[in-house]
Amino acid sequence: MATKLTARAGANIALVKYWGKRDPVLNLPAAGSLSITLAGLETVTTIELASALEADEFRLDGQLQDAASVGRILDLVGSQDRPRCRVDSRNNFPTGAGLASSASGYAALVVAADALFGTAFDRRELSKIARRGSGSAARSLYGGFCRMHAGRADHGEDCYAEGLFDEDHWPLEVVVAITDSGPKAISSRDGMNRTMATSPYYPAWVKSVDADLAEAGAALARRDFDALADVAESSALKMHASALAARPGLLYWNPATVACIQTIGRLRGQGTGVFFTIDAGPQVKAVCLPGQAEGVAAHLARVPGVTRLIRTGLGPAAGLA
Ligand code: 2P0
């Protein structure tokens with residue numbers, strides 16, 4: 001039996017956003033979400049059984065970290081009697097790029113742990129465990145296009161992610177425009193908690209998500225870019241509107257964020273296959289029809305305040321490295 005295994009998982013970007021929880025302890029989202037998994041922007045995680053250790057050890061990009069949250073996820077895959085572990089996790093994408101490393105990080109962790117402990121959970125079960133670490137992590141178990149189900153049950157067994165289409169279904173391209181690489185002012189978790197607690201628009205946001213999921217799923221199935229663009233931009237703007245209406249308000253954007261939105265809108269008006277989405281930070285993700293990313297990147301590079309571009313496409317499911 002192996003005593004050391006490595007797994008990898010890609011970052012993901014939601015096209016229908018997750019923003020708010022129905023249970024903070026089990027980390028159950030208030031609504032579903034729909035995402036694309038990215039190629040090449042990965043976390044690679046090695047777990048080594050290390051019974052001689054007094055406690056788990058966790059290194060992120062070489063730096064020793066508190067191992068408590070990683071240990072809790074390892075307990076959920078194995079059991080509390082599992083051997084202690086040495087976990088080494090590396091991200092090959094820059095922090096501050098607005099690509100949540102918690103998503104790819106927890107996805108790679110559960111895949112490696114499942115193989116190392118010999119638990120052989122199916123993807124759905126692994127997505128439930130990854131979700132306990134970070135809601136968006138459930139989606140990084142799958143390649144291509146993924147749907148997260150909110151479920152209704154208090155125990156959360158109906159809350160999981162599933163693959164919709166693999167990356168070959170529709171090889172969309174992505175340009176990430178970085179407008180500020182500093183640490184974000186307010187984490188997603190704190191931002192969504194504040195939105196839930198204080199935003200008068202939060203109930204309307206949650207109520208709107210199911211229709212967006214249906215629309216986005218249908219647009220994907222028929223590869224209807226305009227329909228996907230409309231629903232994805234609306235979902236992102238509604239999420240930010242609910243956050244803006246929190247008290248105090250959450251404004252994740254800077255002037256370059258707005259300039260990128262306007263540039264993308266202008267390009268789309270001229271017939272380029274591109275739409276924007278924005279997460280809990282100032283970076284703008286431009287999702288492009290196959291073959292359009294190069295031209296889109298050239299325009300975004302000229303937007304004042306854009307400091308860096310990352311170009312990528314859709315990537316595969318998490319797996320052993
Ligand atoms: C998303 N975000 O759907 C949304 C859009 C950020 C903005 O999922 O509290 O780090 O760990 O479950 O997964 C980021 O939230 O939150 C996120 P937790 P997570 O991609």
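Values for this structure:
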item: Total formal charge among the other residues, if their Cβ is under 12 angstrom from that of D61, Lys/Arg +1 and Asp/Glu -1; result: +1
item: Per principal axis, descending, Cα span of the chain in whole Å; result: 62, 39, 38
item: Principal-axis tilt of helix 68-77 within the chain, Cα atoms, nearest 10 degrees; result: 70
item: Among the listed pairs K21/K128; K4/K285; K128/K184; K21/K238, those beyond 24 Å (Cα-Cα); result: K4/K285; K128/K184
item: Coordinate range along principal axes, alpha carbons of the range 113-231, Å, largest first; result: 44, 37, 35
item: Average projected area [Cα convex hull, the range 4-168], square nanometres; result: 9.3
item: Alpha-carbon spread of the range 173-313, three principal axes, descending order, Å; result: 43, 36, 23
item: Percentage relative contact order, the chain, counting C-alpha pairs under 8 Å, at least six apart; result: 24
item: Euclidean distance of C-alpha centroids, the range 136-165 and the range 222-277, integer Å; result: 24
item: Efficiency of FRET between Q80 and E162 - r from beta-carbon atoms, R0 41 angstrom, step 0.05; result: 0.90
item: Proximal charge balance of E173 [Cβ under 15 Å; K/R count +1, D/E count -1]; result: +1
item: In degrees, nearest ten, helix 123-133 long axis to first principal axis of the chain (Cα); result: 90
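Each value in this text was obtained by applying a stated rule to the coordinates, not by laboratory testing. This is a predicted model, so every value here is computed, not measured. All Cβ positions, glycine included, derive from the backbone under ideal geometry; neighbour counts span all protein chains shown.
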